[in-house]
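In what follows, a structure is listed as structure tokens, so that the remarks can point back to it.
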Amino acid sequence: MGLQHTLKALSDPIRREILNLLKCGRMSAGDIAGHFDVTDAAISRHLSVLKEADLIRDKREGKFIYYELNASVLEEILLWIKDLKGDER
């Protein structure tokens, strides 16, 4: 999508915590929602923003949708920040 969408997605503390949860492996939306004191609709919106930014991927299995981290986008951001920071010699 682009750096702007990615940074916007990362700007929200709930979305950052969702990414932290997904570090441990894939989870359903219900499992993710169980970690927060917000509505299921709010979690759904957060998941949509993360998906639009390509930070997570989803896979339907029967009636459940499982979400997992897309680390490649995070790696690209880290490389960009490292490049921006410059060489530390």
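Counting only protein chains, not ligands or nucleic acids, how are LEU74, LEU79, LEU47 ordered by accessible area (probe 1.4 Å), most first?
LEU79, LEU74, LEU47
With log10 I(q)/I(0) by the Debye sum over Cα atoms at q = 0.12, 0.24 Å⁻¹ as the read-out, I listed [x] -0.64, -1.16; [y] -0.49, -1.24; [z] -0.38, -1.23; which label goes with the value calculated from this structure?
It is the value labelled [z].
What is the sum of charges, Lys and Arg at +1 and Asp and Glu at -1, for the other residues whose Cβ falls under 15 Å from the Cβ of ALA9?
Around ALA9, the charge tally is 0.
Report in % the part of the accessible area of the chain that belongs to carbon and sulfur, leaving out ligands and nucleic acids; probe 1.4 Å.
52 percent
When only Cα pairs under 8 Å and 6 or more residues apart are kept, what is the percent relative contact order across segment 1-68?
Relative contact order for segment 1-68 comes out at 40 percent.
I need the helices of the chain that pass two filters: whole DSSP H segments spanning 15 Å or more by Cα along the axis, and mean Kyte-Doolittle score no lower than -0.5.
40-52, 71-85
Nearest 20 debye, what's the magnitude of the dipole of the chain about its Cα centre given +1 on Lys and Arg Cβ and -1 on Asp and Glu Cβ?
For the chain, the charge dipole is close to 120 debye.
For SER48, SER11, give me the order by solvent-accessible area with a 1.4 Å probe, most accessible first, ignoring ligands, DNA and RNA.
Most to least solvent-accessible, the answer reads SER11, SER48.
The values are calculated or read from the model by the stated rules, or taken from the named source; none is laboratory data. These numbers come from a predicted model, not from an experiment. Because the Cβ atoms are built from the backbone with ideal geometry, glycine has one as well, and the counts that use them run over all protein chains shown. For the accessible areas, the whole protein counts, side chains as well, though only heavy atoms, and no ligand, DNA or RNA atoms are used. Shrake-Rupley method; radii C 1.70, N 1.55, O 1.52, S 1.80 Å.
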